[in-house]
1. Of the residues His20, His59, His55, which is modelled with pLDDT of 95 or more, under 20 Å from Gly186 (Cα atoms) and more than 16 Å from ligand 2 (Cβ to nearest atom)?
2. Just to be sure, is Glu238 surrounded by fewer than 19 Cβ atoms within 10 Å (Cβ to Cβ), more than 14 Å from ligand 2 (Cβ to nearest atom), in a loop (DSSP other than H, G, I, E, B) and more than 21 Å from the chain's Cα centre (by Cα)?
3. Against the condition within 16 Å of ligand 2 (Cβ to nearest atom), small (Gly, Ala, Ser) and under 23 Å from Ala232 (Cβ atoms), how does Ala86 come out, does it pass?
4. Look through Tyr243, Tyr333 and report the one residue that is modelled with pLDDT under 95 and either more than 30 Å from Ser81 (Cβ to Cβ) or surrounded by 12 or more Cβ atoms within 10 Å (Cβ to Cβ) (or both).
5. Does at least one position in segment 62-74 carry a residue that is of a type in the set (Gly, Ala, Ser) and closer than 30 Å to Arg325 by Cα?
6. Could you please find all residues in segment 50-79 being among the hydrophobic types (A, V, I, L, M, F, W, C) and under 21 Å from the mean Cα position of the chain (by Cα)?
7. Can you work out which of the residues in segment 1-16 that are more than 6 Å from ligand 1 (Cβ to nearest atom) and crowded, with 24+ Cβ neighbours inside 10 Å is farthest from Gly327 (Cα to Cα)?
Amino acid sequence: MTRAILLTGGAGFIGSNFVHMLAEQRPDWLCVNLDALTYAGNMQNLAMVEGSTQHRFIHGDICKTEDVERALDACGDLPISVVHMAAESHVDRSIISGLPFVQTNVLGTQVLLDACRARGIERFVHVSTDEVYGSLGSEGFFTEDTPLAPNSPYSASKAASDMLVRAAFHTHGFPVLTTRCSNNYGPWQFPEKLVPLMLANAREDKPLPVYGDGMQVRDWLYVEDHCEAILAVLERGELGEVYNIGGHNEYPNIEIVKTILAAMGKPESLITYVTDRPGHDRRYAIDASKIDATLGWRPRWTFEQALPATIEWYASQVEWLQGLRTGAYRDYYAQQYGSDSEG
Ligand code: NAD
Ligand code: DAU
């Protein structure tokens, strides 16, 4: 092994896709995966790397210094870089209760920064979100210079973490880079988010809940493209910089839902308009020209290729999806690893 990546949140949606990408594209890197296995973490997402010497799982919480130190120890003598993805990530949950978001996204990020600074690491990539910029009207795009104006407890906690990361760079010269990406879709996404929820409900002929008028616009990016962008920032980004990531791929929610129904041969009568999300951001759209011009990253997948591929993937993973819907996925870790904290 030539270097170690301490990945936080690697049992979640984007994290597990990142683990798979590293296994394929950087087989000489050790991936130490620190994850608390909240409701969003699922060891089944990592079944493909079970037993691999290239992947080491540490069951722990980024809010606890001792857990972060245990993960750093697992990197051995290798040079360490950090990719920080662990977060409470779902806007609707943050509306019900903001505290877990402040705990993990704000406090946890500071604990991680401090422990990593004390250890001495090479680079720290903070995976943030375009939601920190707030909401757009029908014109314009978020650039890296757009002022932060978060609107939900989730995005406010992410914006706070961005500020802590920025402060670590300016105060301590800590080697950080920040990414802000638009909405992802693809394999292993928890079925509380729009695309997998609609796929799961449509499969069972259940109502598809569309918030408000369904005309909110998101800029959709296939998760593999996001993972490759993070890798580009990790390897070639300039320290202290922020990089927007997006696909110039804007669709209103209702169009996504209708496309899914059509692809699955299900009727539009399943669509049910429900009460809007409080404070619902109207439109996100990313200007990703900086990462394109400076690091040569641009999406490889088109929406026309990736959405059908995603629909097909979920159709082939009925058992995985059912496990998430019933909660059975929570037993997997204990069954595979007993009560041990490493696997
Ligand atoms: P996710 O909710 O699927 O996964 C989060 C992971 O973090 C889970 O495995 C969970 O167990 C773990 N975790 C939560 N709290 C933890 C803690 N205290 N200590 C250790 N692990 C903990 O999230 P995701 O959709 O994969 O998002 C990953 C990151 O990317 C987040 O930081 C999110 O803000 C950001 N992001 C997501 C999207 C998107 O569309 N999903 C877009 C842009 C940015
Ligand atoms: O933009 C990046 C962000 O994208 C990430 O930072 C977040 O972690 C991620 O959850 C996502 O946030 P959104 O709130 O945009 O994603 P969500 O899938 O929850 O919703 C997408 C859109 O669909 C949003 O306008 C709300 C709407 N929606 C969502 C659900 C779950 C519905 O209309 N019905 C639903 O049931």
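The values are calculated or read from the model by the stated rules, or taken from the named source; none is laboratory data. Just so it is clear, the model here is predicted, and its values are computed rather than measured. Please note: Cβ atoms are built from the backbone with ideal geometry, for glycine as well, and neighbour counts cover all protein chains shown.
1. Working: His59 fails: under 20 Å from Gly186 (Cα atoms); His55 fails: under 20 Å from Gly186 (Cα atoms).
Sole residue among the options that is modelled with pLDDT of 95 or more, under 20 Å from Gly186 (Cα atoms) and more than 16 Å from ligand 2 (Cβ to nearest atom): His20.
2. yes
3. Yes; evaluated as a whole, the condition is true for this residue.
4. Being modelled with pLDDT under 95 and either more than 30 Å from Ser81 (Cβ to Cβ) or surrounded by 12 or more Cβ atoms within 10 Å (Cβ to Cβ) (or both) holds for just one of Tyr243, Tyr333, which is Tyr333.
5. Within segment 62-74, none of the residues are of a type in the set (Gly, Ala, Ser) and closer than 30 Å to Arg325 by Cα.
6. Passing the criteria: Phe57, Ile58, Ile62, Cys63, Val68, Ala71.
7. Step one: of segment 1-16, the residues more than 6 Å from ligand 1 (Cβ to nearest atom) are 1-7, 10, 16.
Checking which are crowded, with 24+ Cβ neighbours inside 10 Å leaves us with 4-7, 10, 16.
Values: Ala4: 33, Ile5: 30, Leu6: 28, Leu7: 25, Gly10: 19, Ser16: 19 Å.
The qualifying residue farthest from Gly327 (Cα to Cα) is Ala4.
Here is a yes/no grid of residues against (1) more than 14 Å from Trp297 (Cβ to Cβ); (2) more than 10 Å from ligand 2 (Cβ to nearest atom); (3) of a type in the set (Asp, Glu):
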position: Glu228; (1), (2), (3): no, yes, yes
position: Leu231; (1), (2), (3): no, yes, no
position: Gly246; (1), (2), (3): no, no, no
position: Lys258; (1), (2), (3): yes, yes, no
position: Thr275; (1), (2), (3): yes, yes, no
